[in-house]
Amino acid sequence: MLESSFFTKFLQLSDFRTLAFIVVLVVLFKVINVLQKKKVSFSTRMITGTVIGLILGVAVQAVAKFPDAPKDVAWINELSGWYSLVGGGFIDLLKMLVVPLIFLSIIRVIMNMQGENLGKMTTKTIGMLIGTTAFAALIGIVLAILFNLGQGFDAGNNTAEIREAVSLAETVRGLLPSNIVASMAEGNIVGIVIFSAFIGTSIRRLSKKYAETIEPFVKWVEASYKIIISVTMTIIKFMPYAVIALLANTIISNGVGVLASVGKFIVCIYLAIAIMLVVHMTIAVLNGISPIAYIKSASEPLVLAFTSRSSLGTLPVTVETLQNKFDVNEGVASFVASLGSNMGMNGCAGIYPALMTIMLAQITKTPIDISFCIMLLVVIAISSFGIAGLPGTATLAISVVISGMGMEAYFPLLGAIIAIDPIIDMGRTMLNVSGTIVSAVTVDKSLKRDAAKADKDVKKVG
Amino acid sequence: MLESSFFTKFLQLSDFRTLAFIVVLVVLFKVINVLQKKKVSFSTRMITGTVIGLILGVAVQAVAKFPDAPKDVAWINELSGWYSLVGGGFIDLLKMLVVPLIFLSIIRVIMNMQGENLGKMTTKTIGMLIGTTAFAALIGIVLAILFNLGQGFDAGNNTAEIREAVSLAETVRGLLPSNIVASMAEGNIVGIVIFSAFIGTSIRRLSKKYAETIEPFVKWVEASYKIIISVTMTIIKFMPYAVIALLANTIISNGVGVLASVGKFIVCIYLAIAIMLVVHMTIAVLNGISPIAYIKSASEPLVLAFTSRSSLGTLPVTVETLQNKFDVNEGVASFVASLGSNMGMNGCAGIYPALMTIMLAQITKTPIDISFCIMLLVVIAISSFGIAGLPGTATLAISVVISGMGMEAYFPLLGAIIAIDPIIDMGRTMLNVSGTIVSAVTVDKSLKRDAAKADKDVKKVG
Amino acid sequence: MLESSFFTKFLQLSDFRTLAFIVVLVVLFKVINVLQKKKVSFSTRMITGTVIGLILGVAVQAVAKFPDAPKDVAWINELSGWYSLVGGGFIDLLKMLVVPLIFLSIIRVIMNMQGENLGKMTTKTIGMLIGTTAFAALIGIVLAILFNLGQGFDAGNNTAEIREAVSLAETVRGLLPSNIVASMAEGNIVGIVIFSAFIGTSIRRLSKKYAETIEPFVKWVEASYKIIISVTMTIIKFMPYAVIALLANTIISNGVGVLASVGKFIVCIYLAIAIMLVVHMTIAVLNGISPIAYIKSASEPLVLAFTSRSSLGTLPVTVETLQNKFDVNEGVASFVASLGSNMGMNGCAGIYPALMTIMLAQITKTPIDISFCIMLLVVIAISSFGIAGLPGTATLAISVVISGMGMEAYFPLLGAIIAIDPIIDMGRTMLNVSGTIVSAVTVDKSLKRDAAKADKDVKKVG
């Protein structure tokens, strides 16, 4: 008995079940490994991983007899720690690549760009991102009204705290990098994009007269980029394993009882997400991609986003997919993906605040007329630009929007929803990534069309 | 009315006046833009921007009927947020360049330096910076006594808190970079200079036997430096726009009534600054530069320092000006400007603590004899070296000096002065930068004289 | 009298003795300087520095009449500030190099490695480090029982606080770098090793097909490495001066009376350290190095570790010694030294927690049987892996181990030992470094033997 008592003690496992489910996870990894050896395609392994993760999560809940607050059950809490080591650890490794990846790829995209395209690309990207976000918000508003969200909602004594709304001026100011190394250490993506854009622009300018002087830096960027992309692909290979742990962990950490009480909200938001995915597929069709091809090609980042709930962690996968599955120009892929992971997020900054605000209005009996809806749409569109790069995006988004609507006093009423945030966050994050992909594809196509028109004066660095 | 109420609400503008003055700023930008198209010289545009900023600031105050505490007026406070987005954002972009600029330029200056010059340059730079600071302190002491500063001063119940004085040993220790990436993230300039100096020295040593091995790094530094300088010049072009917002913002944030109560102090310190500028011009003359040429060539960093109150933000402009307007060797320019933005600041660490200490002595009836003055001079000179690289320099400088004089108990009496600090800070920062420029010019001339004497054994890397 | 009162005031010296002993330190530096000019060997100068530091420390204590709490004596406290400026400043400069040194050297070792060696090297390194740590723990357990540590120990009202034990899952997760720049800024060595290993692996993979594209990065790494090693050697030259200040400072800061009360513990731990050093020498013999040669070659990092008590600060010296004195492959030297400064530390994570736990068991009359000892050994071995990379290693190690043994409630009883930690830390840190050296030598020999067997398919980058 020494070993068992020792292990449970040292590994801080208060229960044999924790150990059992850790072993189960390892066995399931073996399953994926066998599929890999049998040359089963990567996408199929991803889907398999997702299904396995779902079953595993439900199995754990079943063993624990579906508790209302799983985080209070000691062994589930411990098991969650181990599952998130595997799943979250994988996401950490992907996140590790984000700063050098963005730094290098933005410099590359701009230094290799022809003529006036930088301005065009920026405008088109921001336009696509915010446009789709506004559309997502519209769908959210309509559905929320149709579903009568908030009706009969028991406010109880919820205590969700509103995040202090910073003014738009301060928010934008906060995005500017006043120390590039600090911005990198803090993972301020927009700051890194700005710095890298300045570097890339200067390289372009210098490439005429001082090509020889700056060549060592240019080649260093190209070499580093090649290497960091290779590292990304190495890590991505482990994705099917990670999704099992990621999804199982989300499921075991959320009580089933709690879910039921806000079931209508969940149904409503997932319906809105499904509709927006159809919208994205429609946009894909306009760019000559069939809906099935779209979902198939985009499946890896979408599944990862769904299971990991991390836009930033998914970023390297999104860039890789855009380049290899959608034939998007390397530069455009990096640029749109970087901005899209921070700005104009269809789910976090579009559907979600729309639903929440309408729900709040109905709870508080605020009259919802057409001017209220228009104002809400505008507030959401501007916010989706302004909250770029700040952490806790979704919560921040509703804080900003609700403040913008002058309803901040009622924010605590939303506590019940915020308690089950992870369940909502899965679909929300997936939609963000889909919005980014569809924007990148559109911007890329549009730029290629422009280039085909004016197929002259091509200048390239190096 | 929807839009207007929406905009004011969302942009958190409680008043139409905020929006009006934002529009005015944009119109004024257009004026600068027109001047630029008419090929009006950059210096003229800078001066124009300053004058416009001054008028704009006063106009806002006039509309608000010159309130005593403008920061308490909601719309001024909001307007200030927007103006500082423009002005402060510009300074942020310049600051963004400081870490790579110093890192690269210090490596370059040292690796390209002949013979024993590193030691000489360091000694001369520190000598010039501290020498001018001590002289500035002397002028401060004399003027403060002549003006009888502090006489009849109503202490009231001020509550300015003294910054805890760290011992000199700890201060110097704090400047050493124990982790170079952390130093860069914190913007510890002296730490970056030390690290880069070690790198540069090693490159010089290796350049004889291992030239080929280290060449990729050397060329990478040269290329990166070229690029970062180019980025600097790109950003500098927007300076005339920024100064409008920077200066207007300082003026609208400070009450006129408060200014009057400490008017004598402000007159005294600006007189001291003016005298020191004459001293700087005299030093310039000794280096063969006419006073008018000095002021003209130095105008850009001086105006930026005055309006932005940021030594660090001005640093890239100072380096650029030293190289292009004063023909100072690139390396010397970077080296002296880096150190000078942290050490031996004529305004912050010279005049200001001198004035404050004498004033405090007169308020507290401490006898001011010759030994008191000598001791004060020595304390200021040593402090101006010791406080290098720490944030909040000016306040720290008086804390250290007043502690050094054993008068820390009376520090709260200075609260009224500290309340109007921004007004004083403008002149103080400008004088710091002027001191740096004049030091760099002197060091450069002196090194060139030395080099002319021993015009042999020139070794260059690469 | 002005100057003297001024200097003592400004330098915050409340006593002439501080100034006197600062002067003494400068004079002693001159002694080392004379030895250097007389071409006395570096090792001899190191030993001389250590002896001088010891004498100086005792002399200061003697002048202060051996106070019980030297830190409460104002002038000793101030003197300590100045001594630690010299000693700690030197260690800071070495630490400054750690991040780039590890980053560059791990990339180099892996990109230049043949075939399957990376896995082998990692396994062997971790095996050696944890194996020696477990052995050290065994010696600690035996000695603690023989010495009857804790018997008659007066617990008093000690208040040492246990560090909150994080779960193993969280600890390992914390080591993963989720943002490489943040990891660098925080000095997360294991994180940097992981990132660099990914980079190095990708370079190896790309070196076949894309050799030309990645060459600029590869050569940049080689050049930067050469330069950073050169900087390291420059700084190392000042080591004999630094050890004087480092050792003297440790001695003057610790009361003699306090030492006596825990004398038995100190004797016991230093005996254990001595035995482990003999074990290390035995391992050295197995690798064909005589005990005397071992101690002689390893003396520089050992003396520095002893006097500085900083594993991280000693790291660059350890790498340099392994390469130049023990002919260890550059890559292996960096790799083992990096891991060894964080993992499997013979002193901090082996002997020390073993002694402390047995002592605590005896104080609290916990029965110590064979199963208790086996469990303790296993807990220590696993902990020594798990605590890698976290600050305050030794204290954390006992916290984790004592929690693992279920005795956290009694932790405060160890307060008296923790009070004299610096004295113990000297031997402990030295043993860590010796363990690292002996591990590196063994791994290197073992890899060379493997390579000799399969002396084919050698692939090298570039």
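Sort out for me the Cα centre separation of the range C:59-80 from the range B:10-74, rounded to whole Å.
62 Å
About its Cα centre, how strong a charge dipole does the range C:96-453 have in debye, to the nearest 20, once Lys and Arg get +1 and Asp and Glu get -1 at the Cβ? Present the calculation step by step, with values, prior to reporting the outcome.
Values: 22 positive and 19 negative charges, 189 e Å.
Around 920 debye, computed over the range C:96-453.
List the longest stretch of chain B that has no exposed loop site; here a site is one of the GluC sites (Glu not before Pro) assigned by DSSP to anything other than H, G, I, E or B, with at most 13 other Cβ within 10 Å. Walk me through the intermediate numbers first.
Details: sites that count: B:Glu116, B:Glu161, B:Glu164.
The longest such stretch corresponds to B:165-462.
What is the distance in Å between the Cα centres of the range A:95-140 and the range C:201-244?
Distance between centres, Cα-based: 35 Å.
Mean Kyte-Doolittle of at least 1.6 and a Cα length of 27 Å or more along the axis: which whole DSSP H helices of chain B meet both?
B:16-37, B:263-286
Let me check the size of chain B from its C-alpha atoms; what are the radius of gyration and Dmax in Å?
Here Rg and the maximum Cα pair distance are 23.2, 79 Å.
What residue of chain C has the nearest C-beta to the axis that moves C onto B, and what is that distance in Å, given as a whole number?
C:Ala185, 3
Which is farthest toward the positive dipole end of the range C:96-453 among C:Tyr241, C:Met281, C:Ala416, measuring Cα position about the Cα centre, with Cβ charges +1 (Lys, Arg) and -1 (Asp, Glu)?
Working it through, the farthest residue towards the positive pole turns out to be C:Met281.
Restricting attention to the alpha-carbon atoms of the protein assembly as shown, what are Rg (one decimal) and Dmax (integer), both in Å?
Using the Cα atoms of the protein assembly as shown, the pair Rg, Dmax is 33.4, 93 Å.
Taking the dipole about the Cα centre of the protein assembly as shown, with the C-beta of Lys and Arg at +1 and of Asp and Glu at -1, give me whichever of B:Phe195, A:Met356, B:Ser310 is farthest to the positive side.
B:Phe195
Just name one of A:Ile398, A:Ala337, A:Phe372: the one whose Cα is farthest towards the positive end of the charge dipole of the range A:96-450 (beta-carbon charges, Lys/Arg +1, Asp/Glu -1).
Comparing the listed Cα positions along the dipole, A:Ala337 ranks first.
For the range C:2-95, what are the per-bin percents of Cα-Cα distances with bins 5 Å wide, up to the bin holding the maximum?
3, 11, 19, 21, 19, 14, 8, 4, 1
If the cut-off is a Cα-Cα distance under 25 Å, which lysines reach C:Lys65, setting aside same-chain residues fewer than 8 apart in sequence?
C:Lys9, C:Lys264
Distances in nm, one decimal, shortest first, from A:Thr282 to the same residue in every other copy, taking the label point 7 angstrom along Cα→Cβ.
Relative to the other copies, A:Thr282 has label-point distances of 7.9, 7.9 nm.
Compute the FRET efficiency between C:Ala451 and C:Thr234 as 1/(1 + (r/R0)^6), taking r as their Cβ-Cβ distance and R0 = 30 Å, and round to the nearest 0.05. Don't jump to the answer; show the numbers that get you there.
Details: r = 33 Å, r/R0 = 1.10.
Once the sixth-power term is evaluated, E becomes 0.35.
Please state the charge dipole magnitude for the range B:9-95, taken about the Cα centre, from unit charges on C-beta atoms (+1 on K and R, -1 on D and E), reported in debye and rounded to the nearest 20.
Values: 10 positive and 5 negative charges, 106 e Å.
So the dipole magnitude of the range B:9-95 works out to roughly 500 debye.
Pop the C-beta distance of C:Asn148 and A:Asp15 into the FRET formula with R0 = 51 Å and round what comes out to the nearest 0.05. Could the numbers behind the result be given before it?
Values: r = 38 Å, r/R0 = 0.75.
Step by step, r from the Cβ atoms, then E = 0.85.
Which value, in debye to the nearest 20, describes the size of the charge dipole of the protein assembly as shown about its Cα centre when Lys and Arg Cβ atoms bear +1, Asp and Glu Cβ atoms bear -1, and nothing else is charged?
Details: 105 positive and 81 negative charges, 902 e Å.
Charge dipole, the protein assembly as shown, about its Cα centre: 4340 debye, nearest 20.
Scan chain A and report its longest stretch carrying no trypsin sites (Lys or Arg not before Pro) that are both in a DSSP loop and have at most 13 other Cβ atoms within 10 Å. Write down the numbers at each step before the final one.
Values: sites that count: A:Lys38, A:Lys39, A:Lys65, A:Lys237, A:Lys365, A:Lys456, A:Lys459, A:Lys460.
The longest uninterrupted stretch comes out as A:66-236.
Per the Kirkwood definition applied to all pairs of different Cα atoms, how many angstroms is the hydrodynamic radius of the range A:313-446? Each step should come with its number before you reach the end.
Numbers: mean 1/r = 0.0639 Å⁻¹.
Computed over the range A:313-446, the radius equals 15.7 Å.
May I ask you to report, in nm to one decimal and beginning with the shortest, the distances from C:Val31 to the same position in the other copies, taking label points 7 Å along Cα-to-Cβ?
Result, one decimal in nm: 7.3, 7.3.
Please compute the modelled spin-label separation between A:Ser371 and C:Val267, points set 7 Å along Cα→Cβ, answer in nm with one decimal.
Taking the simple label geometry, C:Val267 and A:Ser371 are separated by 9.1 nm.
Given a cut-off of 20 Å, name the pairs among A:Lys209/C:Lys219; B:Lys95/B:Lys237; B:Lys237/B:Lys296 whose C-alpha atoms lie farther apart than that in the structure shown. Display every interim value, and only then the final one.
Details: A:Lys209/C:Lys219 25 Å; B:Lys95/B:Lys237 15 Å; B:Lys237/B:Lys296 17 Å.
Distance filter (> 20 Å) returns A:Lys209/C:Lys219.
Here, each number is a calculation from the coordinates, and none is a lab measurement. Everything quoted here is computed from the prediction, not taken from an experiment. FYI the Cβ positions are ideal-geometry reconstructions off the backbone, even for glycines, and counts take in every protein chain you see.
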